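Chemist: Below is a structure I'd like to ask you about.
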Amino acid sequence: MKTKTLFVGALLASVFSVNAMAAELTAVSFGGAYGAAQKKHMIDPYTAKTGTKILFEDYSGGIAEIKAQVEANNVQWDVVDIEVIDLERACSEGLLEVIPRSILEPGLDGVPAEKDFIPSALANECGVGNIVWTIIYAYNDKTIGSVVPESIGDFFDLAKIPGKRAMRKRAQVNLEWALLADGVAKDKVYEVLATDEGLKRAFAKLDTIKDHIVWFDSWSQVPQLLNDGGAVMAQSANGRIFDAIKKDKKPFTMVWDAHLYDLDVWAVVKGSKKKDLAFDFISFATGTKPLAGMPDVAYGPTRASSAALIDPSVVPDLPTSHLDEGVKADGIFWADYGESLGEKFNEWLLK
Amino acid sequence: MVMSNTQSITPSKLASHNSLSLTKEESNHARREVRRHRMIAFLLVLPLLIFLAFAFVAPIGTMLHRGFYNPVVADLLPDTIQELETWDRKGLPNEALLTRFAIDLKRLAKNRKSGKLAEEINRNMPGTSSVVKSTARKLRSISDADLKANGSNILLKAHKKWNSPEIWLALQKSGKVYVDTNYLTALDLERNYDGDLQVRESAKIYLQLYSKTLRLALIITLSCLILGYPLAYFLANAPAKKSNMLMVFVLLPFWTSLLVRTTSWIALLQTNGVVNSFLMGVGITSEPLDMLYTEFSTIVAMTHILLPFMILPLYSVMKGIDPSYLRAALSMGARPIPAFFQVYLPNTLPGLSAGALLVFIISVGYYITPALVGGTDGQMISNIIAFHMQQSNNWGLAAALGTLLLILILTLYWLYDRFVGASNIKLG
C-alpha cells in the first residue's frame, strides 16, 4: 500500500514538474519561415545556453489577444513579437511593460547598445527592435508578359500592365501606395492622407484599378496567387517572396519602389509573472549574433554590428539595403486614423 | 387534439380522487415523493444549466452590456468629467477646468493610462489620439506647481486642437458611462453637435451589410432547399440498403472539417482551377471566369457546407410519412402534382421549417467561409464584427453589431412563430 502511494506520488510529482519544465517562458510570434528563423537563432540557442524551456507559439498580429489577457488579468504570454504599427498603441494603453535599456548587451564589436541599434529600434520604451521588414510588390516572370513593372505607378497602370493585382484587404499600405502612385512625395504621404481631399484622392486612385484587384487576408496566400496566375502582381511581406524564390525556386521578382517598411520588436506583456526572465530572453535575442540570423528570411537586423556576420549574397534582398526607395510606415498616424479609415475602406469596398 | 383533451380532464379527476380517498399522511408522502423526483431531475440537468450559464448566458450578457456601458473615461477622469457636464458647449470650458484636465492628464501619463483615454476620445473624433498622447508626453516633464499655476495655458499651447470646442465635446461624449453611440453607429446614425439624430456623415456601411447578409442567407437557404428537398425525398423512399449507403455521402462531408471543405472550393474555383480548366477544355469559355472571391463563391461554398442541415431534418420527417397518404390521394383521383402539393408537402412542413430555419440562422452569422472565399463582394456582417474585435479593437461597437444581429434573428423567429408556428418545427 505504502509503495503504491509513493509510486502515485512520484508519478504526480513528475507530471507536475514536467508541466512546469515544459513552459518556463511563453514567447509568441508570427510563425512561418520567420518563426522558424527565430526558433533557430533565438529560442533554441537561449534554451541551450540557460536551460530555460520556451513555449513558442504563433499568432497573427494585432493587439486584441494581448488586450484580452491583460484586461481579464490572466496573462498567458510573456514575450511577444509585435509590429511597431501596433506597438505605439499597446504601449500607451498600458498593455506592455517598459523595458529598461540597461538590460541590452553591447554589440559584439563593443559598441554600446544605444549606439549599436538603429534609432527607431529603441524609439518606443516598451519594445526592442528585432527586424526591419517591408511590404513590397512582386510579379511572376512567367505570367507578366514582355513589359515588366518597375515603379509603384506601374502597379496602378492598367494600360502598361494589364491583369489582376493582389492586395491585402486593409486600409494600411493600400492608401499610402495610391497616393505615392498619384505623385505625392514620399515625405508628404501621411500629411496628405490626414486630409479629406487626400483621402478622396487615394480612393480615386484605387478606383482606377478596383475591378482588377484580388483581395487576400493573409500574407500566406500571396505565393499561391502569384503561382497559379490568380494575380500578375501581388503585394507581399518581402520575406514571404524571398522564401518562395530561394526555397521553392519560384520565378518571382520583387519591386522595391515605394516599399513601406516597418519594424518588429520584442515586447513583454504587462503583468507577466516571469517579467525578469522575459527581459533576460529579450536581452539575449537582440544580441548581435541572434539578430544576424534574421536575414535567413530577408528581414534586416536592427543592430549595425550584425552586418559583419551576414552572408553577403543576402544583403541586396534586405529592406535595410533599400531604405532610400521606401517609406517608413507611420504607427502614430495609424493609431489616430486606423479605425475611421478602416470603416471608410470597408465602405469603399462595398460600393 | 385527442391527447390534449385527456390531459385537461385528468388533473381535475385526480384532484377530486385525492381529496376523497387519501389521508393527510399519504398525501404528504406523495408530495414528498414528487418533490424528490423533481429534485433528482433538477440535479440531473444541473451540469447543463451550469454549462449554459458559463458558456452562453454570461458571455452574451457581458456582450450586451458592453454595447452600451463604457466606464473607461469616467473612471480615468472622474472630476473633470463631472465638471465638464456643466459646460455650455459654447466656446472653451473655463480655465479652472482646463487646468484640472492638464493635471489629470499628467497623472494618467505617469500611470501609463493616457493611451486608453486617447483611444476613447479618438473614437468620437478621429485624429485626436496623437493629440492626447503628444500632450501627455509634454506634460510629464512639467512640474506640478507650474501646472497648478498655469495649466490651462500650457495645455492650449501643447497642441492647437485643444483650442477647438469639438475636442471638448468629444471628451464630454466619451465621459458618458451609458452610451447609445455604438447602437447608433451600428444603424449608420450619429448625433450632431446639438445632440439631434442624423444619418452618419462618415462611412455608412452597417445597414447595407445587414441587408446583404440577409439577402445572402435567403439565397443560400433557397439553394439548400432546392437541392436538398428532392434528395431527401429520394433517400426517404429508397430501399433501406441503398438509402443507408447514400446517407453516408450526405454525412461524410458533414463530418469533414469546415476548413478543408472551404479550401477545396478555393482549389475548384480559382482562376486556373478545376472548374475553369474544365470549362475551357470543353470549349464553353475561352477565358477563365472570375469565380473565386465573389458573392457567387460564397453562396456556392456555404450552400455545400450547410446542405446536410437541410437534408437531415427533411429526411427524418419524410421517413415518418405514411406512403399510403399519397397513394390514397392518387387513388381518389387527385393528379400527381396537386396531390404532392396538397398532401405530401404539408406533411413535410415541420422538417422543412426546421431545415430552413437552421440553414438561415447559421448562415446569417457565418464567418470563416465568407472570409476565405468571399473576397470583397461576399463579405457579411460577421466579417465586420471580426474587424472591430481584432483590428480596430472597438469591442463596444462589435458588441452593438452582434446584439442587433441577435435581435434581428429573434425578430425573424418571432415572425415565423406568428405566421407558421414554432411548434411545427421537427428536427427528427
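Chemist: Quick one: count up the residues across segment A:286-304 that are buried (at least 24 other Cβ atoms within 10 Å of the Cβ) and outside any loop (DSSP other than H, G, I, E, B).
Modeler: So the answer is 7.
Chemist: Let me ask something additional. Criterion first (at pLDDT below 85 and either more than 30 Å from B:TYR183 (Cα to Cα) or assigned to a loop (DSSP other than H, G, I, E, B) (or both)) does B:SER12 satisfy it?
Modeler: It is true that B:SER12 is at pLDDT below 85 and either more than 30 Å from B:TYR183 (Cα to Cα) or assigned to a loop (DSSP other than H, G, I, E, B) (or both).
Chemist: Any residue at all in segment B:99-118 that is within 14 Å of chain A (Cβ to nearest Cβ), part of a helix (DSSP H, G or I), surrounded by fewer than 20 Cβ atoms within 10 Å (Cβ to Cβ) and modelled with pLDDT of 90 or more?
Modeler: Checking segment B:99-118: at least one residue is within 14 Å of chain A (Cβ to nearest Cβ), part of a helix (DSSP H, G or I), surrounded by fewer than 20 Cβ atoms within 10 Å (Cβ to Cβ) and modelled with pLDDT of 90 or more.
Chemist: Restricting attention to segment A:82-107, which residues are within 11 Å of chain B (Cβ to nearest Cβ) and in contact with a Leu (Cβ under 7 Å, 6 or more places away or on another chain)?
Modeler: Selection gives A:ALA90 alone.
Chemist: Just need a number here: residues in segment A:55-77 that are in contact with a Phe, Trp or Tyr (Cβ under 8 Å, 6 or more places away or on another chain), surrounded by 15 or more Cβ atoms within 10 Å (Cβ to Cβ) and assigned to a loop (DSSP other than H, G, I, E, B).
Modeler: Applying the first criterion (in contact with a Phe, Trp or Tyr (Cβ under 8 Å, 6 or more places away or on another chain)) to segment A:55-77 yields A:57-61, A:65-66, A:69.
With the extra rule that they be surrounded by 15 or more Cβ atoms within 10 Å (Cβ to Cβ), the set shrinks to A:57, A:59, A:61, A:65-66, A:69.
In the following step, the residues that additionally are assigned to a loop (DSSP other than H, G, I, E, B) were identified as A:59, A:61.
Selection size over segment A:55-77: 2.
Chemist: In segment A:190-229, which residues are among the charged types (D, E, K, R), exposed (fewer than 14 other Cβ atoms within 10 Å of the Cβ) and modelled with pLDDT under 90?
Modeler: A:ASP211
Chemist: In segment A:321-351, how many residues are of a type in the set (Gly, Ala, Ser) and over 17 Å from B:PHE387 (Cβ atoms)? Write out each step before concluding.
Modeler: So in segment A:321-351, the residues of a type in the set (Gly, Ala, Ser) come out as A:321, A:326, A:329, A:331, A:335, A:338, A:340, A:342.
Narrowing the set further to residues that are over 17 Å from B:PHE387 (Cβ atoms) leaves A:321, A:326, A:329, A:331.
Selection size over segment A:321-351: 4.
Chemist: Among the residues of segment A:47-71, write down those that are under 16 Å from the mean Cα position of the chain (by Cα) and more than 14 Å from chain B (Cβ to nearest Cβ).
Modeler: A:GLU57, A:ASP58
Chemist: Looking only at segment A:317-333, which residues are farther than 16 Å from A:ALA258 by Cα and either surrounded by fewer than 22 Cβ atoms within 10 Å (Cβ to Cβ) or of a type in the set (Gly, Ala, Ser) (or both)?
Modeler: A:GLY331, A:ILE332
Chemist: Residue under question is A:SER283, and the condition is that it be touching a residue at least 12 places away in the same chain (Cβ under 8 Å), buried (at least 22 other Cβ atoms within 10 Å of the Cβ), part of a helix (DSSP H, G or I) and more than 14 Å from chain B (Cβ to nearest Cβ); does it hold?
Modeler: Against the criterion (touching a residue at least 12 places away in the same chain (Cβ under 8 Å), buried (at least 22 other Cβ atoms within 10 Å of the Cβ), part of a helix (DSSP H, G or I) and more than 14 Å from chain B (Cβ to nearest Cβ)), A:SER283 does not qualify.
Chemist: Can you find, within segment A:105-121, the residue that is farthest from the chain's Cα centre (by Cα) among those that are hydrophobic (A, V, I, L, M, F, W, C) and surrounded by 20 or more Cβ atoms within 10 Å (Cβ to Cβ)?
Modeler: The extreme case among them is A:ALA113.
Chemist: Which one is surrounded by the most Cβ atoms within 10 Å (Cβ to Cβ), of the residues in segment B:180-197 that are among the aliphatic types (A, V, I, L, M) and part of a helix (DSSP H, G or I)?
Modeler: B:ALA186
Chemist: Right, here's the next one. Is it the case that some residue within segment A:139-146 is under 29 Å from A:LEU341 (Cα atoms), in contact (Cβ under 8 Å) with a residue 24 or more places away in the chain and either within 13 Å of chain B (Cβ to nearest Cβ) or buried (at least 20 other Cβ atoms within 10 Å of the Cβ) (or both)?
Modeler: Yes, segment A:139-146 has at least one match.
Chemist: Looking at B:LEU330, B:LEU357, which one is more than 29 Å from the chain's Cα centre (by Cα) and not in a loop (DSSP other than H, G, I, E, B)?
Modeler: From the options B:LEU330, B:LEU357, the qualifying one is B:LEU330.
Chemist: Being closer than 17 Å to A:VAL173 by Cα and in a helix (DSSP H, G or I) is the filter here, so list the residues in segment A:223-239 that pass it.
Modeler: Correct list: A:ASN238, A:GLY239.
Chemist: Give me a count of the residues in segment B:149-194 that are over 29 Å from the mean Cα position of the chain (by Cα) and over 20 Å from B:PHE101 (Cβ atoms).
Modeler: 2
Chemist: Can you tell me which residue in segment B:119-156 is farthest from A:ALA194 (Cα to Cα), limited to those that are polar (S, T, N, Q) and more than 9 Å from every other protein chain (Cβ to nearest Cβ)? Spell out the reasoning first.
Modeler: Here is the first cut: in segment B:119-156, the ones polar (S, T, N, Q) are B:122, B:124, B:128-130, B:134-135, B:141, B:143, B:150, B:152-153.
Retained after the next criterion (residues that are more than 9 Å from every other protein chain (Cβ to nearest Cβ)): B:124, B:135, B:141, B:143, B:150, B:152-153.
Details: B:ASN124: 16, B:THR135: 19, B:SER141: 29, B:SER143: 33, B:ASN150: 32, B:SER152: 27, B:ASN153: 27 Å.
Ranking the candidates gives B:SER143 first.
Chemist: Let me ask something else. Looking at (1) under 14 Å from B:ASN182 (Cα atoms); (2) more than 10 Å from the chain's Cα centre (by Cα); (3) not hydroxyl-bearing (Ser, Thr, Tyr), can you tell me which one B:LEU404 breaks?
Modeler: Condition not satisfied by B:LEU404: (2).
Chemist: Would you check if there is a residue in segment A:254-270 being within 30 Å of A:ALA285 (Cα to Cα) and either out of contact with any helix residue (DSSP H, G or I) (no Cβ under 9 Å at 6 or more places or on another chain) or part of a helix (DSSP H, G or I) (or both)?
Modeler: Checked against the condition, which is being within 30 Å of A:ALA285 (Cα to Cα) and either out of contact with any helix residue (DSSP H, G or I) (no Cβ under 9 Å at 6 or more places or on another chain) or part of a helix (DSSP H, G or I) (or both), segment A:254-270 yields no hits at all.
Chemist: Out of the residues in segment A:44-63 that are closer than 21 Å to A:GLY32 by Cα and of a type in the set (A, V, I, L, M), state the one that is modelled with the lowest pLDDT.
Modeler: In this case the residue turns out to be A:ILE63.
Chemist: If you don't mind, another one. Please pick out the residue among B:TRP395, B:TRP414 that is within 14 Å of chain A (Cβ to nearest Cβ), of a type outside the set (Gly, Ala, Ser) and under 17 Å from the mean Cα position of the chain (by Cα).
Modeler: B:TRP395
Chemist: Within the set of pairs 6 or more residues apart or between chains, which connect a residue that is facing chain A (nearest Cβ under 9 Å) inside segment B:377-390 to a residue that is surrounded by fewer than 24 Cβ atoms within 10 Å (Cβ to Cβ) and among the basic types (Lys, Arg) with Cβ atoms less than 8 Å apart?
Modeler: Correct list of pairs: B:GLN379/B:LYS212.
Chemist: Checking the condition closer than 23 Å to B:ALA240 by Cβ and crowded, with 16+ Cβ neighbours inside 10 Å, which residue from B:TYR315, B:TYR325 passes? Full working, then the answer.
Modeler: Numbers: B:TYR325 fails: crowded, with 16+ Cβ neighbours inside 10 Å.
B:TYR315 is the lone residue from the list that is closer than 23 Å to B:ALA240 by Cβ and crowded, with 16+ Cβ neighbours inside 10 Å.
Chemist: Tell me, which residue of segment A:325-351 that is over 20 Å from A:THR208 (Cα atoms) and outside any helix (DSSP H, G or I) is nearest to the other protein chains (Cβ to nearest Cβ)?
Modeler: Result: A:ASP330.
Chemist: Another question, then. Within segment B:198-212, does at least one residue satisfy the condition of being touching a residue at least 60 places away in the same chain (Cβ under 8 Å), more than 30 Å from B:VAL72 (Cα to Cα) and assigned to a helix (DSSP H, G or I)?
Modeler: Checking segment B:198-212: at least one residue is touching a residue at least 60 places away in the same chain (Cβ under 8 Å), more than 30 Å from B:VAL72 (Cα to Cα) and assigned to a helix (DSSP H, G or I).
Chemist: Hey, does segment B:357-375 have a residue that's of a type in the set (Val, Ile, Thr), touching a strand residue (DSSP E or B) at 6+ places or on another chain (Cβ under 7 Å), within 14 Å of chain A (Cβ to nearest Cβ) and under 22 Å from B:ILE266 (Cβ atoms)?
Modeler: No, that holds for no residue.
The values are calculated or read from the model by the stated rules, or taken from the named source; none is laboratory data. Since the structure is predicted, the reported quantities are computational estimates derived from the model, not experimental observations. Positions of Cβ are generated from backbone atoms using ideal geometry, with glycine treated the same way; all protein chains shown enter the neighbour counts.
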